[in-house]
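The values are calculated or read from the model by the stated rules, or taken from the named source; none is laboratory data. Since this is a predicted model, take the numbers as computed values, not measurements. With ideal geometry, Cβ positions are generated from the backbone for all residues, glycine too; neighbour counts draw on all protein chains shown. The area values use the complete protein model at the heavy-atom level, side chains included, leaving out ligands, DNA and RNA. Shrake-Rupley method; radii C 1.70, N 1.55, O 1.52, S 1.80 Å.
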Amino acid sequence: QLQASGGGSVQAGGSLRLSCAASGRTFSFSRYAMGWFRQAPGKEREFVATIMRNEGGTYNADIGKGRFTISRDNAKNTVSLQMNSLKPEDTAVYYCAASSQFLATVSREYQYWGRGTQVTVSS
């Protein structure tokens, strides 16, 4: 299971740090690439960032480049998304997900999903 947390309401220009904790006896966290997606009302889910397994490389979608940083702690089975310089258009429900692929940037490549956490950015 994946559980995202850390969402909330901030003003434009502010920061939030999202976290996602993985649990389950048979879930080998370090073997999965982890990703963050978001979905705004009336829009499709979109890719935000991913980090490869075993603290490999990271890849950000253009929407977060220079503002969002994904990281993971395999010892704690957690993945985080540090979001800075937030904009109103970043308002969405943010989801963490796990993929068995080496690099995954589309939702269909992810097998496990958390419930999501709401991020609201006001102008």
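Looking only at segment 22-44, which residues are surrounded by fewer than 17 Cβ atoms within 10 Å (Cβ to Cβ), in a strand (DSSP E or B) and of a type in the set (Gly, Ala, Ser)?
Scanning segment 22-44 gives no hits.
Checking Ser100 against (1) more than 30 Å from Gln11 (Cβ to Cβ); (2) in contact with a Ser or Thr (Cβ under 6 Å, 6 or more places away or on another chain); (3) open to solvent by less than 80 Å² (accessible area, probe 1.4 Å), which single condition isn't satisfied?
All conditions pass for Ser100, except number (2).
Does Arg53 meet the test of being basic (Lys, Arg) and either over 17 Å from Ser100 (Cβ atoms) or not in a loop (DSSP other than H, G, I, E, B) (or both)?
No.
Mind telling me which of the residues Val48, Val79 ends up being farther than 16 Å from Ser28 by Cβ and not hydroxyl-bearing (Ser, Thr, Tyr)?
The match here is Val48.
Keeping to segment 11-21, report how many residues are surrounded by fewer than 17 Cβ atoms within 10 Å (Cβ to Cβ) and either modelled with pLDDT under 95 or more than 13 Å from Val79 (Cα to Cα) (or both).
The qualifying residues number 5.
Quick one: Phe47 ticks every box in (1) open to solvent by 20 Å² or more (accessible area, probe 1.4 Å); (2) among the hydrophobic types (A, V, I, L, M, F, W, C); (3) over 19 Å from Val93 (Cα atoms) bar one, so which box is it?
Exception for Phe47: condition (3).
Could you grab me the full set of residues in segment 103-118 that are open to solvent by 50 Å² or more (accessible area, probe 1.4 Å) and part of a strand (DSSP E or B)?
Tyr112, Trp113, Gln118
Could you identify the single residue in Val93, Val121, Val79 that is in a strand (DSSP E or B), in contact with a Pro (Cβ under 7 Å, 6 or more places away or on another chain), in contact (Cβ under 8 Å) with a residue 12 or more places away in the chain and open to solvent by less than 60 Å² (accessible area, probe 1.4 Å)?
Val121
Note down all Cβ pairs under 6 Å where the first residue falls in segment 15-40 and is over 13 Å from Leu103 (Cα atoms) and among the hydroxyl-bearing types (Ser, Thr, Tyr), the second is open to solvent by less than 40 Å² (accessible area, probe 1.4 Å) and assigned to a loop (DSSP other than H, G, I, E, B), and they're at least six residues apart or on different chains.
Listed by first residue and then by second, the contacts come to Ser19/Gly6; Ser30/Asn74.
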